[in-house]
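To start, the structure under review is shown below, and the notes come after it.
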Amino acid sequence: MSAAVTNPAPQQPAAPERVLLKAPVSWKIPIILTVLAVLAFVLFGAMGNSGSATFKLAMDGDAFALPDLVLPGRVTGIVVGVLLLVVAGWSVALKRSGRKLPTWVVVVFGVLFVLGFLAWAVSGGSTPTMSLTSLLKGALSFGIPLVFGSLSGVLGERSGVVNIAIEGQLLGGAFSAALFGSVFHNAYLGLICAAVAGALVSMVLAVFSIKYRVNQIIVGVVLNVLVSGLTGFLFGQVMAADPEAYNQPPRLDRWNIPGLAQIPVIGPIFFQQTIIGYLLYIAVFVVWYALRNTRWGLRTRAVGEHPKAADTLGVKVNSLRFWNVTLGGAVAGIGGAYFTLEAVESFTKDMSGGRGFIALAALILGRWNPIGAALAALLFGFADNLASILSIVGTPVPSQFLEMLPYVVTVLAVAGVVGRSRGPAAAGEPYVKE
């Protein structure tokens, strides 16, 4: 008998092991921090001023007085410079080990750098005294239109529509608030008209980008130019011809909350605001809460990330996008009313001054989160107000640098100091129902 010979089954090649590759940690943040730390140590410390900087914490009407904060210019600069060099060295060490620097450390680095800069600039000024409360209060005021503009961008982009027309919405709101507030002698009616004007600008953006599927970036840029030209034309033909009737809106009343408004530092900043300031608090919280915890927020996020999947679940994608963009325009219009009903009390041509684009940068820096965008907008407002106050104090900083300070801060922030940001996946992409 012959033995049965069985051929062994061929062996399958072993599956290759899956290797997880980590994204390389960028050298960008360590390099930026190192350069800024060396600059701070040399300029604020080694070349610092021998005088002292006095920061006033108390204001008239406070419930109790706080002592002034006095900082020696050169000593403060040296201490801050050393601390910044330590943080920069830590960031380099983390980079070598393949780890990222925590975001909160970057925030602390920025606060220390600003402290050193203030001590150096104020101690070298002709009047080495600055009201810290006024600086922070002004930062919030300058940041009001930026916060409303960034919220407008959040509402649009989280639903999939890139809102480049924030500048036009702010400008349209400012013009309408001045015109209708002057005609009807009512600042609050002017505020409502500003919201309507911002919504109308957004409706044009929504119609062309959603219904006719025109490139959203192009539509936004065209709308900015259109609103600028239209408001400039009406300003010259109507407002300039009779400014008393058409360009002198009443000022919004400032509402002081009893008890809270008298708290030193905090009270004047947060609880001595007009209705626009209090609407800012409400708007940031409502948008943040609604996006996270409501059916509307869930649908908005779904439409911005995967509109086709949302459509299969019964969500009317284009309708939701249209009304979100319109609502965002109304929010930006309220921010535009700040210029003419609170800051200047009259309209001038192109008075928004490019703040719509800074609001767009705040949106990106805040990673499309309402609270993050609001904080980023306040950072830019702080830089804007700081430039104004330093010019009054008489610091050795050249006036040209002070004028470009807000935009330098914007460029440095958006350049990636806090890391790479990814927006909603479907932002900028028109949806066509199959």
Item to complete: Within the stretch 57-77, identify whether any single residue is at pLDDT below 90, aliphatic (A, V, I, L, M) and in contact with a Gly (Cβ under 6 Å, 6 or more places away or on another chain), and answer yes or no.
Response: no
Worksheet item: What tally of residues in the stretch 286-299 results from selecting those that are buried (at least 17 other Cβ atoms within 10 Å of the Cβ) and more than 23 Å from the chain's Cα centre (by Cα)?
Response: 1
Discussion item. Looking at ALA330, ALA302, ALA283, can you tell me which residue is surrounded by 15 or more Cβ atoms within 10 Å (Cβ to Cβ), small (Gly, Ala, Ser) and either modelled with pLDDT under 95 or over 17 Å from GLY198 (Cβ atoms) (or both)?
Written reply: ALA302
Discussion item. Tell me yes or no: at least one residue of the stretch 17-25 is under 30 Å from the mean Cα position of the chain (by Cα), surrounded by 12 or more Cβ atoms within 10 Å (Cβ to Cβ), closer than 29 Å to THR103 by Cα and modelled with pLDDT under 80.
Written reply: yes
Item to complete: Have a look at VAL225, VAL214, VAL201, VAL183 and point out the one that is closer than 20 Å to MET351 by Cβ and touching a helix residue (DSSP H, G or I) at 6+ places or on another chain (Cβ under 6 Å).
Response: VAL201
Response to the item:
Taking first residues from the stretch 286-299 that are under 11 Å from ARG158 (Cβ atoms) and second residues anywhere that are not in a helix (DSSP H, G or I), the pairs with Cβ under 7 Å that are 6 or more apart or on different chains are LEU291/ARG158; ARG299/VAL315
Worksheet item: Limited to the stretch 208-244, what total is found for residues that are touching a residue at least 60 places away in the same chain (Cβ under 8 Å) and either closer than 16 Å to TYR431 by Cα or outside the structural domain of PHE357 (by TED's automatic domain parsing) (or both)?
Response: 6
Discussion item. Looking only at the stretch 355-395, filter to residues that are closer than 18 Å to SER131 by Cα and β-branched (Val, Ile, Thr); which one of those is nearest to the chain's Cα centre (by Cα)?
Written reply: ILE389
Discussion item. Looking at VAL114, VAL92, VAL122 in this structure, which one is touching a Pro at 6+ places or on another chain (Cβ under 8 Å) and surrounded by fewer than 18 Cβ atoms within 10 Å (Cβ to Cβ)?
Written reply: VAL92
Fill in: Residue satisfying condition, being within 29 Å of the chain's Cα centre (by Cα) and not in a loop (DSSP other than H, G, I, E, B), within set VAL111, VAL75
VAL111
Item to complete: Considering every residue within the stretch 249-259, establish whether at least one is assigned to a helix (DSSP H, G or I) and in the same structural domain as VAL204 (by TED's automatic domain parsing).
Response: no
Worksheet item: Just checking, how many residues over the stretch 31-71 are under 12 Å from VAL122 (Cβ atoms) and in contact with an Asp or Glu (Cβ under 8 Å, 6 or more places away or on another chain)?
Response: 3
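Rundown of residues vs (1) in contact with a strand residue (DSSP E or B) (Cβ under 9 Å, 6 or more places away or on another chain); (2) within 30 Å of PHE55 (Cβ to Cβ), yes/no style:
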residue	(1), (2)
ALA206	no, no
GLN216	no, no
LEU226	no, no
LEU234	no, no
ARG251	yes, yes
GLN262	yes, yes
ILE275	yes, no
Discussion item. Which count do you get for residues in the stretch 369-401 that are part of a helix (DSSP H, G or I), touching a residue at least 12 places away in the same chain (Cβ under 8 Å) and more than 28 Å from LEU151 (Cβ to Cβ)?
Written reply: 2
Discussion item. Restricting to the stretch 165-186, name every residue that is buried (at least 24 other Cβ atoms within 10 Å of the Cβ) and among the aliphatic types (A, V, I, L, M).
Written reply: ALA165, ILE166, LEU170, LEU171, ALA174, ALA177, ALA178, LEU179
Worksheet item: Checking ASN247 against (1) exposed (fewer than 15 other Cβ atoms within 10 Å of the Cβ); (2) under 17 Å from ALA343 (Cα atoms), which single condition isn't satisfied?
Response: (1)
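The values are calculated or read from the model by the stated rules, or taken from the named source; none is laboratory data. Owing to the predicted nature of the structure, the values given are computational and were not obtained by experimental measurement. Cβ atoms come from the backbone with ideal geometry, glycine included; neighbour counts cover every protein chain shown.
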